[in-house]
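Notes to accompany the following structure.
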Amino acid sequence: MSERAHRGTIFLEDAAILSHEAHPGDQHVLVVRAPRAARTATPGTFAHLQCDASVPLRRPLSIMRADPQAGTLEFLYKPVGKGLAKLAARRPGETLSVLAPIGRGFALAEDREIALGIGGGVGIPPMIFLADRLRARRGIRQIVLMGSEVPFPFELVRSDLPYAADADDATHAVRLLEDWAVTSRLASNAGLPGCYRGYVTGLARIWLAEQSPATLAATQVFACGPEPMLAAVAALAREFEVPCQLALEEYMACGVGGCAGCTVRVQTPAGPAMKRVCVDGPVFDARDVYPAA
């Protein structure tokens, strides 16, 4: 396997495809062997993949899991566009070029013992990665909420872990998270069984509204998903006065900060500025991306 370090922390690896599964709703789970990236990836970071030799530009995908011992990276994606459609046709045994891990990931504040993760659609993978890493930290309580309009690409079970009294229709959870003793609940406007009927932000509001001031003072929110969802999460965090980090999604060309094609406007101590999602993010403080009016 050929590989070389890039900037000392980002690695270019010829990654063997170990598995590539299709799920309902045109969703795919890809597992590749990329040992150097797997050792250094953190929740919220992403990879830039060469989908096919016929597609010049790479495509960014959030990392769903990284196993340092096995040397693997796992991704969940929907093949929207030519590049990812080509990626969906790749098979186990083939090799693809992976540039990873890229960007700034999530950081848990030392004075916050409760992590509320909120993922919508293709923003779900970073929440799985975060839950995986935080479960190794003693004293951390986790709640992971996921929203989707297509069937979830995970095995679901009726949850034995309590959530909120006013969310009676949210009965099911992701088995993987349930096995980790991580509370999870699902939301959908598509009438999926066991899901809260509405947006995932509505499910989050129910939980936040039921918590005591002491619990809210110990809570931190992490989120990834489409822009309208992130704006709604930022508004919730402001309303309930809890800190919040957002992993932004943006179109990218180079993925390593050279082209400045993924810039977003954020608030800084010096005033508004344009920041690159790929290397200045993708994780930003919600107050900087969506400052109070």
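Straight-line reach only, C-alpha to C-alpha below 12 angstrom: list the aspartates and glutamates that LYS78 could link to, leaving out same-chain residues fewer than 8 apart.
In chain and number order, the partners are GLU21, ASP26.
What are the trypsin sites (Lys or Arg not before Pro) within the range 131-191 that DSSP puts in a loop, where the Cβ has at most 12 other Cβ atoms within 10 Å?
Here the sparse-neighbourhood loop sites are ARG137, ARG138.
Using Cβ contacts closer than 10 Å as the measure, can you line up LEU208, LEU177 from fewest to most?
Numbers: LEU208 19, LEU177 26.
Least crowded to most crowded, the residues run LEU208, LEU177.
Just ALA37, ALA234, ALA260 to compare: in a GNM of the chain, with alpha carbon springs under 10 Å, which one fluctuates most?
Its mean-square fluctuation being the largest, the pick is ALA260.
Quick check: Cα centre of the range 189-212 to Cα centre of the range 39-81, how many Å?
Using only Cα atoms, the two centres lie 29 Å from each other.
Is the shape of the range 66-109 best called rounded, prolate or oblate, per the rule: a/c under 1.5 gives rounded, else a/b larger than b/c gives prolate, else oblate, with a ≥ b ≥ c the square roots of the Cα gyration tensor eigenvalues?
Working: a/c = 2.54, a/b = 1.51, b/c = 1.69.
Cα axes put the range 66-109 in the oblate bin.
Would you mind ranking SER159, SER19 so that the residue whose beta carbon has the fewest other beta carbons within 10 Å leads the list?
With the fewest neighbours first, SER159, SER19 line up as SER19, SER159.
So what does the Cα-only Debye profile of the range 29-173 read at q = 0.14, 0.16 Å⁻¹, as log10 I(q)/I(0), no solvent term?
Debye intensities relative to I(0), on a log10 scale: -0.74, -0.93.
Taking the beta-carbon count within 10 Å as an exposure proxy, list MET64, MET274 from fewest neighbours to most. Please report the intermediate quantities before stating the final value.
Numbers: MET64 21, MET274 10.
Going from least to most buried by this count: MET274, MET64.
Want the number for ALA235 to VAL157: 0.36 nm per residue separation, take away the alpha-carbon distance, what's left? Present the calculation step by step, with values, prior to reporting the outcome.
Numbers: separation 78, 0.36 × 78 = 28.08 nm, distance 3.08 nm.
Taking 0.36 nm per residue and subtracting the Cα distance, the gain is 25.0 nm.
Around ALA293, what is the net charge, scoring Lys/Arg as +1 and Asp/Glu as -1 over all other residues with Cβ under 14 Å from its Cβ? Working shown, then result.
Numbers: positive: ARG238, ARG287; negative: GLU239.
Around ALA293, the charge tally is +1.
As a test of the formula, what do you get for the chain when each DSSP H run with n ≥ 4 contributes -39,500 (n - 2.57) and the sum is divided by the residue count, at 222 nm and rounded to the nearest 500 deg cm²/dmol?
-5500 deg cm²/dmol, from helical runs alone.
Divide, for the range 192-293, the radius of gyration over alpha carbons by 2.2 N^0.38 Å, where N is the residue count.
So the range 192-293 has a normalised radius of gyration of 1.21.
Within the range 214-293, which chymotrypsin sites (Phe, Trp or Tyr not before Pro) sit in a loop by DSSP and count at most 13 neighbouring Cβ atoms inside 10 Å? Intermediate results must be reported in sequence, preceding the final value.
Numbers: sites: PHE222, PHE240, TYR251, PHE284; in loops: TYR251.
Passing both the DSSP loop test and the Cβ count: TYR251.
Kindly point out, ordered by number, any Cys in the chain whose beta-carbon has no other cysteine beta-carbon under 4.7 Å away.
CYS51, CYS195, CYS224, CYS244, CYS262, CYS278, each lacking another Cys Cβ under 4.7 Å.
Cα-based Rg of the chain per 2.2 N^0.38 Å, rounded to two decimals?
Working: Rg = 18.5 Å, N = 293, 2.2 N^0.38 = 19.0 Å.
Here the Cα radius of gyration is 0.97 times the empirical estimate.
Throughout, read-outs are computed from the coordinates displayed, never taken from laboratory work. None of these values were measured; they are calculated from a predicted model. Using ideal geometry, Cβ is built from the backbone for each residue, glycine included, and neighbour counts are taken over all protein chains shown.
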